[in-house]
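Taking it in order: structure first as C-alpha cells, then the write-up.
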Amino acid sequence: MNSRMGGKGFTLLEVVVAMAILGIGLIVIIELFGGGLRLGRTSQEYTRAVGYARMKMEEVSLAKSLEEGVQKGEFDKNFRWQVDVKKVDLLPPGKETDYQPPVDLYRVRIDVLWKSGYKERTARVESYRVLKKTEESGKKS
C-alpha cells in the first residue's frame with residue numbers, strides 16, 4: 001500500500017520550492033510593471049516640456065528685437081521656463097577690422113524645468129536668430 005500512495009503526489013518540499021519560484025516570478029513582474037509606469041510618466045513629462053519649449057521658442061522668434069540677458073517665468077504650477085539670450089560675435093576674435101556685419105547673431109537657449117518625484121529635470125532647446133542691425137545698435141558698436 002505504501003508504494004502506491006508514495007508515487008502519486010508531490011512532497012511538501014517540492015510544493016514549497018514551487019511556491020517560492022512562483023513568488024519570485026510574480027515580484028519581478030510587478031516591479032517591471034511599476035518601472036514601465038514610471039518611464040511612461042517621465043516620457044509624458046518630457047514631451048510636455050519640449051512642447052512648452054517649442055511654444056516659447058516661437059514666441060521669442062516672433063519678437064521684433066532681442067535683448068541679451070536671462071528671463072524667467074512659469075507655464076503652470078509644475079513647469080518653469082528660463083530664456084537665455086546672448087549676442088554672438090560674427091567676426092573672429094583678436095583681429096582688428098573696420099568691417100561691421102549688417103546683422104546681429106543671437107544664441108537663444110530655452111530651459112524648461114520641473115520637479116519629477118525627488119529629481120529636478122530639465123529640457124533644453126537652443127537656436128540662433130539673425131536680426132538686421134538697427135541704426136541704434138550700429139552706433140553703439
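Laboratory data are not the source of any read-out in this text; all were calculated from the coordinates shown. None of these values were measured; they are calculated from a predicted model. Neighbour counts are summed over all protein chains in view; Cβ atoms, including those assigned to glycine, are modelled from backbone coordinates with ideal geometry.
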Distance in nm between pseudo-label sites at residue 118 and residue 19 (7 Å out along the Cβ direction from Cα): 3.5
DSSP loop GluC sites (Glu not before Pro) with at most 13 other Cβ within 10 Å excluded, longest remaining stretch of the chain: 1-66
The stretch 1-100, relative contact order in percent, only Cα pairs under 8 angstrom and at least six apart counted: 14
Listed residues 124, 38, 109, most fluctuating in the chain (Gaussian network, C-alpha, under 10 Å): 38
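Could you size up the charge dipole of the chain around its Cα centre, putting +1 on the beta carbon of Lys and Arg and -1 on that of Asp and Glu, and report it in debye to the nearest 20? Mind showing how you got there, number by number?
Values: 25 positive and 19 negative charges, 81 e Å.
Dipole size: approximately 400 debye.
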Between helix 12-61 and the chain: long-axis angle, C-alpha atoms, 0 to 90°, nearest 10: 10
